[in-house]
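Notes for the one structure printed next.
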Amino acid sequence: MSIINKEVQELVDEKLKESIDSKLNGWVEQKVRSLMEERVSALEDKIKARETRKKRVAIVASKGSLDMAYPPLILASTAAALDMEAAIFFTFYGLDIINKHKYKSLKVPSLANPAMPVPVPNILGALPGMTAMATLMMKSWMNKAHVASISDLIDVCRESGIRLIGCQMTMDVMGVKKSDLIDGIEIGGSATFLDYAAEADIPLFV
Amino acid sequence: MSVQVNVKLDCKGLSCPLPILKTKKAVDGMNVGEVLEMTATDPGAVNDMAAWSHRTGHALIEHKQENGSFIFYIRKTR
């Protein structure tokens, strides 16, 4: 009798185990599936947000000569025309591009500039007045080609909502005050720029 | 070409990036569906306008070359 009882008990146990197993499996499967679906839809939202958000251009302008002031301003204003967002971080000599006492008189170096269309030997390039001459030459070519002036490009940048960030540290080092900068500039440090650049599709250093 | 032009923009003599900047400004001031005729002499504008249209989604319906000028027809799409 006890043997039969034992067998029955074992059979019942087995059935019970099977039933619990299948219920448990079903439940786990459902749970996993719903978690996966949640995860996938979150990822899809993320991808969609990435695809629909504006492309972002982050530019560092580190040089203060006339020829090096153009690229960041041209690229940033064009970015705005292409429905992208952009910021320029003006640091070191690049700060001159947004210095209201200097931005209209940026110069082209005549010394150590082998790219001058009329190549100037360095020994001549070092003579007084050569920088002024090189600057005049470049300005006249730019005028002839109807290239926008630096101040026009800055205006376009400001109108298009491009962030123009002046480097705080450079200002401190060079004794530049906020009132020395043109209007519409925000002041920040490398972290301010990097926070913006971290999400940039196109980071550029000029 | 029998497209009805709503706005004309003269960018003759201007260099990069002015034709693009002025085109963008002109299109911003138009209604969806209207067509802009932009004339430029900068040969770089041919590729630049194609890139601009690709990026912004505004349709570059046609461009042609006439007497050393490049003429672009752009329909505002959104």
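The values are calculated or read from the model by the stated rules, or taken from the named source; none is laboratory data. A quick note: this is a predicted structure, and the numbers were derived from the prediction, not measured. Glycine gets a Cβ as well: all are built from the backbone with ideal geometry, and neighbour counts include every protein chain shown. What goes into the accessible areas is simple: the full protein's heavy atoms, side chains included, and nothing from ligands, DNA or RNA. Shrake-Rupley method; radii C 1.70, N 1.55, O 1.52, S 1.80 Å.
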**Request:** Would you mention how many residues in region A:39-91 are more than 14 Å from chain B (Cβ to nearest Cβ), of a type in the set (S, T, N, Q) and out of contact with any Leu (no Cβ under 7 Å at 6 or more places or on another chain)?
**Result:** 3
**Residue that is surrounded by the fewest Cβ atoms within 10 Å (Cβ to Cβ) [pool: residues in region B:51-78 that are free of Cβ contacts under 8 Å to residues at least 12 places away in the same chain and closer than 22 Å to A:Leu75 by Cα]** = B:His54
**Request:** Inspect all residues belonging to region A:112-133 and state whether any of them is in contact (Cβ under 8 Å) with a residue 24 or more places away in the chain and either open to solvent by less than 40 Å² (accessible area, probe 1.4 Å) or basic (Lys, Arg) (or both).
**Result:** no
**Item:** Test set (1) within 14 Å of chain B (Cβ to nearest Cβ); (2) surrounded by fewer than 14 Cβ atoms within 10 Å (Cβ to Cβ) - A:Ile154 fails condition number
**Value:** (2)
**Asked** Residues of region B:19-37 being farther than 28 Å from A:Ala145 by Cβ and open to solvent by less than 10 Å² (accessible area, probe 1.4 Å), which ones?
**Response** B:Val35
**Prompt:** Could we say that A:Ser190 is of a type in the set (Ser, Thr, Tyr), within 14 Å of chain B (Cβ to nearest Cβ) and open to solvent by 50 Å² or more (accessible area, probe 1.4 Å) here?
**Reply:** no
**Request:** Quick one: in region A:197-206, of everything that is under 16 Å from A:Pro72 (Cα atoms) and under 8 Å from the mean Cα position of the chain (by Cα), which residue is most open to solvent (accessible area, probe 1.4 Å)?
**Result:** A:Pro203
**Complete:** Those residues of region B:8-20 that are touching a helix residue (DSSP H, G or I) at 6+ places or on another chain (Cβ under 6 Å) and either more than 9 Å from every other protein chain (Cβ to nearest Cβ) or in a loop (DSSP other than H, G, I, E, B) (or both) come to a total of 5
**Request:** Assess whether B:Thr23 counts as being at the interface with chain A (Cβ under 10 Å from one of its Cβ atoms) and not small (Gly, Ala, Ser).
**Result:** yes
**Complete:** Counting only helices (runs of 4 or more DSSP H) wholly inside region A:105-206, the ones holding at least 1 residues that are closer than 17 Å to A:Val60 by Cα are A:150-159, A:168-174, A:190-197
